[in-house]
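Here, each number is a calculation from the coordinates, and none is a lab measurement. Owing to the predicted nature of the structure, the values given are computational and were not obtained by experimental measurement. Glycine gets a Cβ as well: all are built from the backbone with ideal geometry, and neighbour counts include every protein chain shown.
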Protein chains: 4
Amino acid sequence: MTLKALREEVLEANLEIVRRGLVLYTFGNASGFDPDSGQCVIKPSGVPYDVLTPDQLVVTDLNGTIVEGDLRPSSDLATHLILYRNFPGVAGVVHTHSRHATAWAQARRDIPCLGTTHADYIRGPIPVTEPMSPADIQHDYELNTGHAIVRRFRELDPLETPAVLVSGHAPFCWGPSPTDAAHNAVIVEELAHLAFLTFTINANAEDLPDHLRDKHFLRKHGKEAYYGQR
Amino acid sequence: MTLKALREEVLEANLEIVRRGLVLYTFGNASGFDPDSGQCVIKPSGVPYDVLTPDQLVVTDLNGTIVEGDLRPSSDLATHLILYRNFPGVAGVVHTHSRHATAWAQARRDIPCLGTTHADYIRGPIPVTEPMSPADIQHDYELNTGHAIVRRFRELDPLETPAVLVSGHAPFCWGPSPTDAAHNAVIVEELAHLAFLTFTINANAEDLPDHLRDKHFLRKHGKEAYYGQR
Amino acid sequence: MTLKALREEVLEANLEIVRRGLVLYTFGNASGFDPDSGQCVIKPSGVPYDVLTPDQLVVTDLNGTIVEGDLRPSSDLATHLILYRNFPGVAGVVHTHSRHATAWAQARRDIPCLGTTHADYIRGPIPVTEPMSPADIQHDYELNTGHAIVRRFRELDPLETPAVLVSGHAPFCWGPSPTDAAHNAVIVEELAHLAFLTFTINANAEDLPDHLRDKHFLRKHGKEAYYGQR
Amino acid sequence: MTLKALREEVLEANLEIVRRGLVLYTFGNASGFDPDSGQCVIKPSGVPYDVLTPDQLVVTDLNGTIVEGDLRPSSDLATHLILYRNFPGVAGVVHTHSRHATAWAQARRDIPCLGTTHADYIRGPIPVTEPMSPADIQHDYELNTGHAIVRRFRELDPLETPAVLVSGHAPFCWGPSPTDAAHNAVIVEELAHLAFLTFTINANAEDLPDHLRDKHFLRKHGKEAYYGQR
């Protein structure tokens, strides 16, 4: 993949989360990663989306050193990079403050898998991280946010659970490309909204049975998938 | 009815559920059935709505054998067909993951008839199916989804109750035409939203009395109807 | 006021409730009344709003006899007329199934005056009618709906409380003109939404104190009003 | 700053709150203040936003005496002025009846700082004022509303907490400019919506820990800030 193509896909992922109503003002950012070159392309910090151009995107290496770009990268860069370093196969990361997913993060509750819409995308709950220590917040906050996510995924497969809620903060979503990550961010907001409604209707709503959850997940993912045109 | 006319009406029903905000990405599908020819026209699987043309719709017989079309039909085809085979007078089926109706399906609760808006369209609760067995989920899942719906309607008239919530999944709606089925899908989402609000305001809200429910249903349906221009 | 001008204002009131998102499909209707001629202009039954013209509106006298028009009037005509006959000073009536107001009607709860937004328009709760008897529903249903509203207003001033929730049904709103009635319908939906949120946040939320309620109502109504350009 | 520039910024702030969906009809108003000239520019009372021009804005001194303008100023002028007189550094005030913030005001509950979205803008809860006495409501109501706000801020820094909920009424927001005040009004509505959802999901949701709150506030405010392009 050329850097030019990656820039364009990352720009498009940033615009997609705006078009889908996930972004207020400059909240949120999308990045993409090219495992061959080891380069990351990310939104600059605090730049309004409606004037964003591919040239303004910032290119860094996996340590956050700027390779190309005159603007400061998103302040969440360090979080994105630690996900690329730790989650093999992930090549796109999207962070938003989308309303319902953020409310679940603020409520510090996992979003359980309550229905097939959820299971079509995620093979289990959307987990919330453990609260961070004062020391982890004080220094290298964004880096430590990434570490908190990675710790939460010790026993989870990031490709089967392509999203997390950072405790008291908001969601990070990812996928095998920036386009997939943005798509997952839209889906996570919808699932958070559905779960909000479901528990308001029935406070004792139960998780989808495992066999139904897996049926739906595997209908769309893996070698036995039979959804869509293949 | 010509196959061409049916294709156009089915396309329009698919677009109507998008226009009305019932569809996210490629969730959902509409089909139509011609009882004379025994042919069903349905949306292809996973094709974005904004590029959908009448020619891309798939034509099958009642057993699901493809009669016309190069694309794979919606993965929910088997569910649609079993409804056409078992519900006389039904010639349109629409499946969506519309937000509030899906939340009720996830909450695994019937939507009671709480007001006259509901009674104008549906003569009783919108029922939720029984959970399916692991075996029914493992093999012929979509066919067995249809069987679960039909079992739920043993004592219900599908023309007086033109919708169901599949447990843990989402609504299926139907009617005497694809246009009616799409219209009912919009109404069911509105009724699900109203019922969500009603129970949040008053957890002990009561069903509409039978005589008021029937007054409204029969004001719009059957030979004594007096609503609209006739 | 000429009949032509009344037709145009009634059409505009019908379109306003659509523009403001209070109407799904053909739910809802607006009418106007000219006390000098004793004529009422009302929407025809079941006609889509986007093709509605002033000529299609139906003109009746206060007994419901059609004076002009080829179409059947709204099935709710009898309810509108009884309000004009019983509420002096009322010259516009609007009926909608707007979402939050309808949910309160289904919950069969008065909407209390919880804040100054409410008090700016309505000097007390928005009342819900008593349930109607089976006999009242069976025969002359729409007329008896009007009677139920009038009974509920025995001790209320319809100009200080320009709206009602019909139990299990939906709101009727009114005012000194069709324009005012449509405006009040928009406000009632907003107040219903605010009250829904308020009680969800605080189940024990209290009514606005009388002196604050009256301050706001009288800031906008009556001879001591000082809001706006006068 | 010229008066012409201030007029244009105040007009723009008034239009921004409309564009962002915070305003129904003529609810709400924005003003700006020039500390050098001691002049305040404010929206006229009850004028629809879509016909508002810079020339129609009303210019007053800090006592409310009209310096320029043919229209009556917003009836809330006295509240705005007392904020300019008491909150050094504040040069823009915006009052809306935005839905979720108004619901919290009606519920008479502070909006706690539940997440980092809140902490990015406000360093603690959004406070609700004490109820006003009947005497304070009867005479000089708008002035006394301002006094109630100022009393509530005895131990708060208005630049760290740029918003208040007036008990039973609605929010007032402010900032170092009319643009900032309008921006804060949009944010306050979003925070109110997030807090509504958070408590509905988890009635026992806890405040963000102080160290995380301050980290986010100071990431965007003060001399150690590192968000955006600086």
Exercise. Taking residue C:183, is it under 30 Å from residue C:54 (Cβ atoms) and buried (at least 16 other Cβ atoms within 10 Å of the Cβ)?
Worked result: yes
Exercise. Hey, does the stretch A:173-189 have a residue that's touching a residue at least 40 places away in the same chain (Cβ under 8 Å), within 14 Å of chain D (Cβ to nearest Cβ) and of a type in the set (Gly, Ala, Ser)?
Worked result: no
Exercise. So which of B:155, B:206 is surrounded by fewer than 23 Cβ atoms within 10 Å (Cβ to Cβ), within 14 Å of chain C (Cβ to nearest Cβ) and among the charged types (D, E, K, R)?
Worked result: B:206
For this session: Considering only the stretch C:51-95, state which residues are among the acidic types (Asp, Glu) and more than 20 Å from residue C:4 (Cα to Cα).
Result: C:76
For this session: Taking residue A:64 as the residue in question, decide whether it is touching a Cys at 6+ places or on another chain (Cβ under 9 Å) and within 14 Å of chain D (Cβ to nearest Cβ).
Result: yes
For this session: Taking residue A:65 as meeting all but one of (1) without any contact (Cβ under 8 Å) to a residue 24 or more places away in the chain; (2) of a type in the set (Ser, Thr, Tyr); (3) within 30 Å of residue A:206 (Cβ to Cβ), write down the number of the exception.
Result: (3)
For this session: Looking at (1) within 12 Å of another protein chain (Cβ to nearest Cβ); (2) surrounded by fewer than 22 Cβ atoms within 10 Å (Cβ to Cβ), find the lone condition where residue B:2 falls short.
Result: (1)
Exercise. Quick one: would you say residue A:129 is more than 9 Å from chain D (Cβ to nearest Cβ), among the hydroxyl-bearing types (Ser, Thr, Tyr), surrounded by fewer than 24 Cβ atoms within 10 Å (Cβ to Cβ) and within 27 Å of residue D:187 (Cα to Cα)?
Worked result: yes
For this session: Tally the residues that are surrounded by 16 or more Cβ atoms within 10 Å (Cβ to Cβ) and over 16 Å from residue B:16 (Cβ atoms), restricting the search to the stretch B:160-171.
Result: 8
For this session: Go through (1) among the aromatic types (Phe, Trp, Tyr); (2) without any contact (Cβ under 8 Å) to a residue 24 or more places away in the chain; (3) assigned to a helix (DSSP H, G or I) one by one and return the number of the condition residue B:217 breaks.
Result: (2)
For this session: Would you mind stating whether residue C:224 is farther than 20 Å from residue C:102 by Cα, assigned to a loop (DSSP other than H, G, I, E, B) and touching a helix residue (DSSP H, G or I) at 6+ places or on another chain (Cβ under 6 Å)?
Result: yes
For this session: Scan the stretch D:36-49 and give yes if some residue there is of a type in the set (Ser, Thr, Tyr), in contact with a Phe, Trp or Tyr (Cβ under 7 Å, 6 or more places away or on another chain) and without any contact (Cβ under 8 Å) to a residue 40 or more places away in the chain, otherwise no.
Result: yes
Exercise. When you look at residue D:85, is it charged (D, E, K, R) and closer than 23 Å to residue D:217 by Cβ, yes or no?
Worked result: no
Problem set entry | the stretch D:54-70, residues that are among the polar types (S, T, N, Q) and surrounded by 15 or more Cβ atoms within 10 Å (Cβ to Cβ) | D:56, D:60
For this session: Go through the stretch A:190-224 and give me each residue that's within 30 Å of residue D:199 (Cβ to Cβ) and among the hydrophobic types (A, V, I, L, M, F, W, C).
Result: A:191, A:192, A:194, A:195, A:196, A:197, A:199, A:201, A:203, A:205, A:208
Exercise. Considering only residues of the stretch C:16-50 that are crowded, with 16+ Cβ neighbours inside 10 Å and part of a helix (DSSP H, G or I), which is nearest to the chain's Cα centre (by Cα)?
Worked result: C:17
For this session: Please tell me if residue A:192 is hydrophobic (A, V, I, L, M, F, W, C), crowded, with 22+ Cβ neighbours inside 10 Å, in contact (Cβ under 8 Å) with a residue 12 or more places away in the chain and within 15 Å of residue A:113 (Cα to Cα).
Result: yes
Problem set entry | Criterion (among the polar types (S, T, N, Q) and within 14 Å of chain A (Cβ to nearest Cβ)) met by exactly one of B:39, B:56 | B:56
Exercise. Which one of the conditions (1) crowded, with 24+ Cβ neighbours inside 10 Å; (2) within 14 Å of chain D (Cβ to nearest Cβ) does residue A:117 fail to meet, given that it meets all the rest?
Worked result: (2)
For this session: Out of C:143, C:212, report the one residue that is touching a residue at least 24 places away in the same chain (Cβ under 8 Å) and within 8 Å of another protein chain (Cβ to nearest Cβ).
Result: C:212
